[in-house]
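Q: Questions regarding the structure given below will be posed in turn.
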Amino acid sequence: MKYFHRFVFYTLLAASVVWACFALKANPFSLLYNFEFIESLKLLYILGLTAVFWPMFYIEVLDYYASASGRNGKLYFKYAKSIRKDIVVSTLAALILGSIYWFNPIEYDFSGIDLGFIGIPFLMHAIYTYFQIMSLSIGGKPVNRLPVVIMLVAVATFTGLSYSVLFKNSSGNFEAYQAIWFQLTILFGSFFIFTSANLQFQLVSFGRFELSQFKKYFFSEVIRSRQNIYAGMEEPLGKLNKRMAAEKSKYSASLRKKRSRK
């Protein structure tokens, strides 16, 4: 099965990168040949922040299935259960919308924003979730808001760019092949951001950080790397969990003392 996952991952990544170059009307080989390094770096930056969403969407769907089926542990099962309704409603809405265009005799020219706009509720949900995270506390201490604010700004920026792209698409500024890539990228990116935000909320709420067993398998067996960065996070997370457990224990003890004095 890992060979199938590997094939799908690299196929999606390659398809997204190549399609992106056509959609953005950029030829990386021409840019390098003409020594346009600034433009080349700009294209590389854009590809790095967009094309990766295609294979990551595939991983997130599989990881959600593993979490919902209990293979990622109780914490991930709780996370999957918390977003089940949102995913089911969004999937049904997409299928209903697709059926309308499928049975409609008028040819669809992809100048609408329907496919990409399915991702906007995911982004709104993620933004709201990050605001929720900032109100949480661990061991009586509020969470460090700086990384949450950084992620919130990043999501808000992606949302603003998505709105701009969808607005241009609805105005007929893109050709069909461009519109499809932009809308799929927005949808896939929005789903990845949505799942990431909700997982972070569950981990902070529980006061314990755990790695996904499926992603640990995927990034060690399917997509191999010498550094194995994902699995390497286990040790620092273990230390962080011990520190948070000590803080929670200390906080609980102080609460018991206050209650006993009363």
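The values are calculated or read from the model by the stated rules, or taken from the named source; none is laboratory data. Predicted model only: the values in this text are computed from it and were never measured. Methodologically, a virtual Cβ is constructed for each residue, glycine included, from the backbone with ideal geometry; neighbour enumeration extends over all protein chains shown. Side chains included, ligands, DNA and RNA excluded: accessible areas come from the protein's heavy atoms. Shrake-Rupley method; radii C 1.70, N 1.55, O 1.52, S 1.80 Å.
Q: With N denoting the number of residues in the range 159-262, provide Rg(C-alpha) divided by 2.2 N^0.38 Å, to two decimal places.
A: Expressed relative to 2.2 N^0.38 Å, the Cα Rg reads 1.72.
Q: Next up: Under unit Cβ charges (Lys, Arg +1; Asp, Glu -1), what dipole magnitude, rounded to 20 debye, does the chain have relative to its Cα centre? Could the numbers behind the result be given before it?
A: Numbers: 29 positive and 14 negative charges, 514 e Å.
Dipole size: approximately 2480 debye.
Q: Given points 7 Å out from each Cα along the Cα-Cβ axis, report the Ser225 to Thr11 separation in nanometres with one decimal.
A: Distance between the two pseudo-spin positions: 2.4 nm.
Q: Still on this structure, please answer the following. Using r as the Cβ-Cβ distance of Leu97 and Met124, and R0 as 25 Å, what FRET efficiency do you calculate, to the nearest 0.05?
A: My answer for the efficiency is 0.90.
Q: Work through the residues other than Tyr76 whose Cβ is under 11 Å from its Cβ and net out their charges, Lys, Arg +1 and Asp, Glu -1. Show your work: numbers first, answer last.
A: Numbers: positive: Arg71, Lys74, Lys78, Lys81, Lys215; negative: Asp63, Glu210.
Result for the local shell: +3.
Q: Tell me, what is the per residue accessible area of the range 1-254 in Å², probe radius 1.4 Å? Please list the in-between numbers first.
A: Numbers: 15040 Å² over 254 residues.
For the range 1-254, the per-residue accessible area is 59 Å².
Q: Can you give me the % of accessible surface on the chain that is carbon or sulfur? Probe 1.4 Å, all protein chains present, nothing else counted.
A: On the way: 10850 of 16140 Å².
Its accessible area is 67 percent carbon and sulfur atoms.
Q: Let me ask something additional. Which links in Lys2/Lys215; Lys78/Lys248; Lys25/Lys168; Lys141/Lys248 stretch past 18 Å when you go from one Cα to the other?
A: Lys78/Lys248
Q: Let me check the size of the range 44-162 from its C-alpha atoms; what are the radius of gyration and Dmax in Å?
A: For the range 44-162, the Cα-based Rg and Dmax read 17.6, 60 Å.
Q: Kindly express, to the nearest 10 degrees and within the range 0 to 90, the angle between helix 176-206's C-alpha long axis and the longest C-alpha principal axis of the chain.
A: That works out to roughly 0 degrees.
Q: Hey, got a sec? Which trypsin sites (Lys or Arg not before Pro) in the range 1-91 land in a DSSP loop and have at most 11 other Cβ atoms within 10 Å? Don't skip to the answer; put the middle values down first.
A: Values: sites: Lys2, Arg6, Lys25, Lys42, Arg71, Lys74, Lys78, Lys81, Arg84, Lys85; in loops: Lys25, Arg71.
For trypsin sites (Lys or Arg not before Pro) across the range 1-91 that sit outside H, G, I, E and B with at most 11 neighbouring Cβ atoms in 10 Å, the list reads Lys25.
Q: Give the relative contact order (percent, whole number) for the chain; include only Cα pairs under 8 Å separated by 6+ residues.
A: Here the relative contact order equals 26 percent.
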